Every structure is written in structure tokens, then in C-alpha cells.
1. Out of ARG79, ARG69, I need the residue that is closer than 30 Å to ARG121 by Cα and either basic (Lys, Arg) or open to solvent by 80 Å² or more (accessible area, probe 1.4 Å) (or both). Which one?
2. Against the condition part of a helix (DSSP H, G or I) and closer than 24 Å to GLU41 by Cβ, how does GLU88 come out, does it pass?
3. Inside the range 85-139, can you point out the residues that are closer than 20 Å to GLY11 by Cα, open to solvent by 70 Å² or more (accessible area, probe 1.4 Å) and in contact with a helix residue (DSSP H, G or I) (Cβ under 7 Å, 6 or more places away or on another chain)?
4. Quick one: count up the residues across the range 39-80 that are under 13 Å from the mean Cα position of the chain (by Cα) and farther than 20 Å from MET102 by Cα.
5. Condition first: open to solvent by less than 20 Å² (accessible area, probe 1.4 Å) and either closer than 21 Å to HIS92 by Cα or out of contact with any Ser or Thr (no Cβ under 8 Å at 6 or more places or on another chain) (or both). Now tell me which residues in the range 4-34 satisfy that.
6. If you scan the range 17-38, which residues turn out to be within 15 Å of the chain's Cα centre (by Cα) and of a type in the set (S, T, N, Q)?
7. Only one of (1) more than 24 Å from GLY32 (Cα to Cα); (2) in a loop (DSSP other than H, G, I, E, B); (3) under 16 Å from the mean Cα position of the chain (by Cα) is not met by ILE99, so which one is it?
Amino acid sequence: MTTARDIMKPGAQWISKDETVAKAARIMAELGVGSLVIADENERMCGIITDRDIVVKCVAQGRAPTNTRAAELCEATPRWVSADADVEEVLHEMESHRIKRMPVIENKRLVGMISEADLARHLDDNQLSEFVTAVYGRP
């Protein structure tokens with residue numbers, strides 16, 4: 001059985017909800033990633049910020065990345081999967097919520113992130129096709 005742990009990129013990072021968007025962008029650039037988990041003061045996941053969020057919801061709106069808090073760009077309750085979740089459960093969560101990046105949690109701690117690239121490397125053509133249709137297809 002293939003699990004989330006098998007396909008995730010380990011070592012995902014999180015930042016405080018009070019950090020600036022500018023700092024989030026610097027961390028993403030340093031790590032070569034397109035998203036970061038946002039955590040509250042108890043280190044519980046409260047959102048995800050993506051490079052696209054920074055461009056569309058901050059820069060394009062004329063907001064200053066140095067004065068905008070990361071939490072201001074997060075929407076909805078974040079979804080996640082257990083590190084031991086079967087790949088079918090991962091796909092169901094990502095497809096049903098049209099999510100392109102999925103945090104992986106173990107013992108209440110962030111241990112990795114599953115991206116579209118990870119799926120492309122680990123899924124067969126049929127699974128990948130279903131994912132793309134579900135996430136990018138018209139609602």
C-alpha cells in the first residue's frame with residue numbers, strides 16, 4: 001500500500017500567522033517551494049500561503065508585502081492528511097476539495113507536503129488523469 005509518507009516531500013516548513021508576506025516569500029525562495037503552512041501560536045495549522053496568493057491577493061491588489069500578514073491571505077479551513085493515509089485517501093481529499101498541495105501530519109506535527117509534482121512521480125496515468133480532471137476541470 002502506498003501512503004502519503006511514500007509520496008510526500010519531507011521537511012515541509014511552516015511560518016507564524018503573524019509573519020509578513022515578504023518573509024514568507026523569502027522563505028519560499030530560499031527553500032525552492034511554492035507554499036508554506038501558516039501556524040498559530042500553538043503551532044497548529046491555520047492555513048497555507050502560496051506564491052500565487054502572494055501575487056494575486058497581495059501584490060496585484062497594491063498591498064505592501066512588508067505590511068501584510070501571512071494569515072491575511074489564507075482562506076477556509078486547511079485540509080491535511082495523515083502520513084499513514086493511503087494514496088487513495090490523499091487523492092480523494094485533494095480532488096474533492098480541488099487542492100493542489102496537501103500538508104502531511106504525523107503526531108500532530110507537519111512532516112511533509114504533497115504537491116502535484118509528487119503525484120506525477122508516483123501515480124499511474126489513470127490516477128493522474130483523474131486528479132487533473134477533478135482539480136482543473138470546470139466545477
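The values are calculated or read from the model by the stated rules, or taken from the named source; none is laboratory data. Since the model is a prediction, treat every value here as computed from it, not as a measurement. Please note: Cβ atoms are built from the backbone with ideal geometry, for glycine as well, and neighbour counts cover all protein chains shown. Accessible surface is based on the protein model in full, side chains and every heavy atom, while ligands, DNA and RNA are left aside. Shrake-Rupley method; radii C 1.70, N 1.55, O 1.52, S 1.80 Å.
1. Only one candidate passes the filter, namely ARG79.
2. Against the criterion (part of a helix (DSSP H, G or I) and closer than 24 Å to GLU41 by Cβ), GLU88 does not qualify.
3. LYS100, HIS122
4. Matching residues across the range 39-80 total 0.
5. Once the filter is applied, which keeps residues that are open to solvent by less than 20 Å² (accessible area, probe 1.4 Å) and either closer than 21 Å to HIS92 by Cα or out of contact with any Ser or Thr (no Cβ under 8 Å at 6 or more places or on another chain) (or both), the range 4-34 yields ALA4, ILE7, ILE15, ALA24.
6. Correct list: SER35 only.
7. (1)
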